[in-house]
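The values are calculated or read from the model by the stated rules, or taken from the named source; none is laboratory data. What you see is a predicted model, and the numbers here were worked out from it, not measured in a lab. Heads up, the Cβs are rebuilt from the backbone with ideal geometry, glycines too, and the neighbour counts pull from every protein chain shown. Surface areas here come from the heavy atoms of the whole protein model, side chains and all, with no ligands, DNA or RNA. Shrake-Rupley method; radii C 1.70, N 1.55, O 1.52, S 1.80 Å.
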Amino acid sequence: MPIRGVIFDVDGTLVDSNPSHTQAWLRALQEAGLPADAEEIRRSIGMGGDKIIPMQTGWSDQDPQGKALAKRRGEIFQTDYLPKLNAFRGARNLVERLHQQGLKLAVASSAQPRELEPLLGLIGIEPYLQEKTSSGDAEESKPDPDIVAVALTRLGLKAEEVIMVGDTPYDLMAARQLDIRPLAFLTGGWSRAELEQAEWIFEGPAALLEAMGSGSLETALG
């Protein structure tokens, strides 16, 4: 079936933000006097706070301590890291190109809504998006499929008409649970072997754009 839509992850896929998210969580945990392993946190980026907080602390993200930790992490990220972030090379051009080809586009991010908006502004892709979903639109973040499922429903397309573009195993797992074909970028710090659930793997947005040449997305994907 022809590809009619694309759902993008944002952090680590279109914006080089995964290291910053790692540092924000690390600092928030350390400030709270909690043990924190940088590599363990790095490998959890792509999930939302509803997953990371229980994994790191044993608290629920709805516990008072969990809420305080999430709030502090958000403050650190938005103040010290967000203003310094950059979109990956080719990110805006890729999204613009797919829009020009008539594809319906959405983003599905585990980020908080207040963080997603400035990230999208940084890339400059909001004019090309039909839909945008975040952790505020679903009870469970990735690798649960909830956020992606909301985006798919809002696009009004069938799963087989859509591909999901992400950078972590959690994006791929969420897509597969909905029978959406996943495409992975190697921009999030994961290896090809760790992204084995992907149907296609590219170095990043610029590489996919280059593979498209003057043709369509389907041409690039074969």
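Is segment 4-18 home to any residue that is in a helix (DSSP H, G or I) and of a type in the set (A, V, I, L, M)?
Step one: list which residues in segment 4-18 are in a helix (DSSP H, G or I), which gives 18.
With of a type in the set (A, V, I, L, M) added as a condition, the list becomes none.
Within segment 4-18, not a single residue is in a helix (DSSP H, G or I) and of a type in the set (A, V, I, L, M).
Hey, can you tell me all the residues within segment 177-210 that are in a helix (DSSP H, G or I) and either among the hydroxyl-bearing types (Ser, Thr, Tyr) or under 15 Å from the mean Cα position of the chain (by Cα) (or both)? Walk me through how you get there before you give the answer.
Just the residues of segment 177-210 that are in a helix (DSSP H, G or I), to begin with: 177, 193-195, 205-210.
Across segment 177-210, the qualifying residues are LEU195, PRO205.
I'd like to check something: does segment 186-198 contain any residue that is out of contact with any Lys or Arg (no Cβ under 8 Å at 6 or more places or on another chain), β-branched (Val, Ile, Thr) and open to solvent by less than 40 Å² (accessible area, probe 1.4 Å)?
Yes, some residue in segment 186-198 is out of contact with any Lys or Arg (no Cβ under 8 Å at 6 or more places or on another chain), β-branched (Val, Ile, Thr) and open to solvent by less than 40 Å² (accessible area, probe 1.4 Å).
In segment 120-153, what residues are assigned to a helix (DSSP H, G or I), crowded, with 20+ Cβ neighbours inside 10 Å and touching a Ser or Thr at 6+ places or on another chain (Cβ under 7 Å)?
SER135, ILE147, ALA151
Restricting to segment 173-200, what's the tally of residues that are out of contact with any Leu (no Cβ under 6 Å at 6 or more places or on another chain) and either within 23 Å of ARG97 (Cα to Cα) or charged (D, E, K, R) (or both)?
Number satisfying all stated conditions: 14.
Which of (1) among the acidic types (Asp, Glu); (2) open to solvent by less than 30 Å² (accessible area, probe 1.4 Å); (3) without any contact (Cβ under 8 Å) to a residue 60 or more places away in the chain does ASP167 not meet, given it meets every other one?
ASP167 satisfies every listed condition except (3).
Give me the residue from segment 84-113 that is closer than 16 Å to GLY156 by Cβ and open to solvent by 50 Å² or more (accessible area, probe 1.4 Å) and, out of that set, nearest to the chain's Cα centre (by Cα).
Taking the candidates together, the pick is LYS104.
Does GLY204 meet the test of being open to solvent by less than 30 Å² (accessible area, probe 1.4 Å), touching a Phe, Trp or Tyr at 6+ places or on another chain (Cβ under 6 Å) and over 14 Å from ILE7 (Cβ atoms)?
Criteria met by GLY204.
State whether the residues of segment 52-63 include one that is touching a residue at least 60 places away in the same chain (Cβ under 8 Å) and within 16 Å of the chain's Cα centre (by Cα). Before the answer, list the steps.
Going residue by residue through segment 52-63, those that are touching a residue at least 60 places away in the same chain (Cβ under 8 Å) are none.
No, because not a single residue in segment 52-63 is touching a residue at least 60 places away in the same chain (Cβ under 8 Å) and within 16 Å of the chain's Cα centre (by Cα).
Report the residue count in segment 68-119 for those that are in contact with a strand residue (DSSP E or B) (Cβ under 8 Å, 6 or more places away or on another chain) and assigned to a helix (DSSP H, G or I).
Summing the residues that are in contact with a strand residue (DSSP E or B) (Cβ under 8 Å, 6 or more places away or on another chain) and assigned to a helix (DSSP H, G or I) in segment 68-119 gives 6.
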